[in-house]
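The values are calculated or read from the model by the stated rules, or taken from the named source; none is laboratory data. Keep in mind the model is a prediction, meaning the values are calculated, not measured. Please note: Cβ atoms are built from the backbone with ideal geometry, for glycine as well, and neighbour counts cover all protein chains shown.
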Amino acid sequence: METVLITGGTGMVGKHLTELLVLKGYNVVIVSRKKVMARRHASISYALWDVEAQTIDNEAIERSDYIINLAGAGVADKRWSAARKKEIVESRTKAGATIVKALETIPNKVKCVVNASAIGWYGADTKESLQKGFIEDATADTEFLGDTCKQWEESIEPVTKLGIRLVKLRIGIVLSNNGGALVEFLKPLKWGLASILGNGKQIISWIHVEDLCRLFAYAIENKAMDGAYNAVSSVPVTNKELTLTLAKIVKGKSYISAHVPSFILKIMLGEMSIEVLKSATVNNHKIKALGFQFNFPIIETALKDLVI
């Protein structure tokens, strides 16, 4: 049995991915900053690392065939103060540097590293992207998230000099019933309110958590995959379309739709409101050209799977 080492494996995506990999017959090593005592499954083990000291359990590296790097502070978890923005960047770049150092100094058999990134790389829609969608060879946006993604990807890039295949997945808005954006969309619906953010016209490039985890597995198993790929569904939707589709699924006709004005979001979220109101149409043709098939290509089937 081959072994996959996952950093950030205790998060929303990491937990789902671990379950999928175990079902597929892999051993999984979850790397954490804190020692985990209980094992969830015979195929799951745990190891320690310290990104500040750039150290990681030697044995975990030695026994791994693949590394999936999901590590990074949650972008939307807290308001963006200067300190929080620094944490968002450094939690990613230091994780990448730690993995690179480990692969340079510890004897290993690692064949592929799959590194999480984000569609924040692309910035806001242009006339061209609205028609065709952003593709992977676009330059990184110069705003905070674009620069963060650029540094994030650059931190892991040196593994290619070691002859290790590197795949970078630029992930869209992940829809899951265990956290993330969907949980926030559902909260107002408890009171029958479908809250449309701003004018609701901003494009959301999203992906079902199951498809995302399948994509991570596909990346380690498909030797043709190399470089950056957009991890988004086939059909982006507007904020309004997503909100009203969700409302109809959850409430039928028993809801009221209302717009949350942009200025309210700016007061509530500060600089982060830019991202909430930003439109980003992202193209997934590159990954589909390799034969990957999405189980949830459209928003209605994805939401029904998650909330019914």
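Filter the stretch 97-125 down to residues that are charged (D, E, K, R), more than 16 Å from PRO158 (Cα to Cα) and in contact with a strand residue (DSSP E or B) (Cβ under 8 Å, 6 or more places away or on another chain), then give me how many there are.
1
Hey, can you tell me all the residues within the stretch 178-202 that are in a strand (DSSP E or B) and touching a strand residue (DSSP E or B) at 6+ places or on another chain (Cβ under 7 Å)?
Answer for the stretch 178-202, where residues must be in a strand (DSSP E or B) and touching a strand residue (DSSP E or B) at 6+ places or on another chain (Cβ under 7 Å): GLY180, LEU193, ALA194, SER195, ILE196, LEU197.
Criterion first (free of Cβ contacts under 8 Å to residues at least 12 places away in the same chain and either closer than 16 Å to ARG170 by Cα or not in a strand (DSSP E or B) (or both)) does MET225 satisfy it?
So MET225 does not fit the description; no.
For the subset of the stretch 28-49 comprising residues that are touching a helix residue (DSSP H, G or I) at 6+ places or on another chain (Cβ under 8 Å) and either in contact (Cβ under 8 Å) with a residue 24 or more places away in the chain or among the aromatic types (Phe, Trp, Tyr) (or both), which member is surrounded by the fewest Cβ atoms within 10 Å (Cβ to Cβ)?
SER43
Within the stretch 128-154, how many residues are farther than 19 Å from PHE216 by Cα and either of a type in the set (Asp, Glu) or part of a helix (DSSP H, G or I) (or both)?
Residues in the stretch 128-154 being farther than 19 Å from PHE216 by Cα and either of a type in the set (Asp, Glu) or part of a helix (DSSP H, G or I) (or both): 16 in total.
Suppose the filter is on the phi > 0 side of the Ramachandran plot, surrounded by 16 or more Cβ atoms within 10 Å (Cβ to Cβ) and among the small types (Gly, Ala, Ser); does GLY200 pass it?
Numbers: on the phi > 0 side of the Ramachandran plot: yes; surrounded by 16 or more Cβ atoms within 10 Å (Cβ to Cβ): yes; among the small types (Gly, Ala, Ser): yes.
Spelling it out, GLY200 is indeed on the phi > 0 side of the Ramachandran plot, surrounded by 16 or more Cβ atoms within 10 Å (Cβ to Cβ) and among the small types (Gly, Ala, Ser).
Consider LYS15 against the criteria (1) surrounded by 14 or more Cβ atoms within 10 Å (Cβ to Cβ); (2) part of a loop (DSSP other than H, G, I, E, B); (3) of a type outside the set (Val, Ile, Thr): it satisfies all of them except one. Which criterion is unmet?
Only one criterion in (1) surrounded by 14 or more Cβ atoms within 10 Å (Cβ to Cβ); (2) part of a loop (DSSP other than H, G, I, E, B); (3) of a type outside the set (Val, Ile, Thr) is unmet by LYS15, namely (2).
Name the pairs: first residue in the stretch 107-124 and in contact (Cβ under 8 Å) with a residue 60 or more places away in the chain and over 14 Å from ASN69 (Cα atoms), second residue surrounded by 22 or more Cβ atoms within 10 Å (Cβ to Cβ) and among the aromatic types (Phe, Trp, Tyr), Cβ to Cβ under 6 Å, at least 6 apart or on different chains?
As it stands, the answer is TYR122/PHE134, since those pairs meet every condition given.
Tell me which of these HIS259 doesn't satisfy, since it passes every other one: (1) at pLDDT 95 or above; (2) part of a helix (DSSP H, G or I); (3) not basic (Lys, Arg).
(2)
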